[in-house]
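First the structure, in the form of structure tokens, and then the observations on it.
The values are calculated or read from the model by the stated rules, or taken from the named source; none is laboratory data. Here the structure is a predicted model, which is why all the values come from computation and not from measurement. Glycine also receives a Cβ, built like all others from the backbone with ideal geometry; neighbour counts cover every protein chain displayed.
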Amino acid sequence: MSTELLRILLAVVLLGFGASMARAQQLVLADQGRSEFVIVVADDASPSTKYAAQELQRWLREMTGATLPIVSDEGQPRPHEIILGDNAHLRRLKVDVDFAKLGKEGYVLRTQGPHLVIAGGALRGNLYGVYGLLEDHLGCRWFTPTVSRIPHVERLVVGPLNETKVPV
């Protein structure tokens, strides 16, 4: 085989490998009105974190028709979780989140294997993380209290995430 042919073959193999890796890291949050995901919050979560879970559930249902159950971290880990806030499932995954650096309003959005982590400051960080996910990654927009644009999708996919936002 010629050197040029080997280079072309190698390029095709690497492109195929890269494409398959990108697909492997995507999380399908909902498909055809169904979801395998649950939203996990600490059993003793703050009222604002519980509200953040309800908001996430509400807007994902509006977008996809799927209702993701909100469950306590006291239960067994599930295969597909949206882990919201500091809880036992977050610690079990050993996700490194510096809550002190996040302060009261900062948050982290991170995909971790088959899970999505939204972890923020206890006061408003978790709620800001939910809205950050919905606005920056899922296309939701709120213009006024009565005017919004919420996309309706059959299949809701989130690509790899690893971002930290801390307001200044």
Report task. Might you check whether a residue that is of a type in the set (Lys, Arg) and assigned to a strand (DSSP E or B) occurs anywhere in the range 100-122? Result -> yes
Query raised in the report: For residues in the range 29-43 being part of a strand (DSSP E or B) and out of contact with any Leu (no Cβ under 7 Å at 6 or more places or on another chain), which is surrounded by the fewest Cβ atoms within 10 Å (Cβ to Cβ)?
Result: Arg34
Requested in this report: Test Val97 against the criterion of being aliphatic (A, V, I, L, M), closer than 24 Å to Gln25 by Cβ and assigned to a loop (DSSP other than H, G, I, E, B), and give yes or no.
Outcome: yes
Report task. Tell me, please, whether a residue that is part of a loop (DSSP other than H, G, I, E, B), over 15 Å from His115 (Cα atoms), over 15 Å from the mean Cα position of the chain (by Cα) and among the charged types (D, E, K, R) can be found in the range 46-59. Result -> no
Report summary line: Gln112 meets each of (1) modelled with pLDDT of 95 or more; (2) surrounded by fewer than 15 Cβ atoms within 10 Å (Cβ to Cβ); (3) within 18 Å of Leu84 (Cα to Cα) with one exception, condition (2)
Query raised in the report: Can you name the condition, by its number, that Ile83 falls short on among (1) touching a residue at least 24 places away in the same chain (Cβ under 8 Å); (2) outside any strand (DSSP E or B)?
Result: (2)
Report summary line: Looking across the range 60-80 at residues that are assigned to a helix (DSSP H, G or I) and in contact with a strand residue (DSSP E or B) (Cβ under 7 Å, 6 or more places away or on another chain), the single one that is nearest to Val38 (Cα to Cα) is Leu60
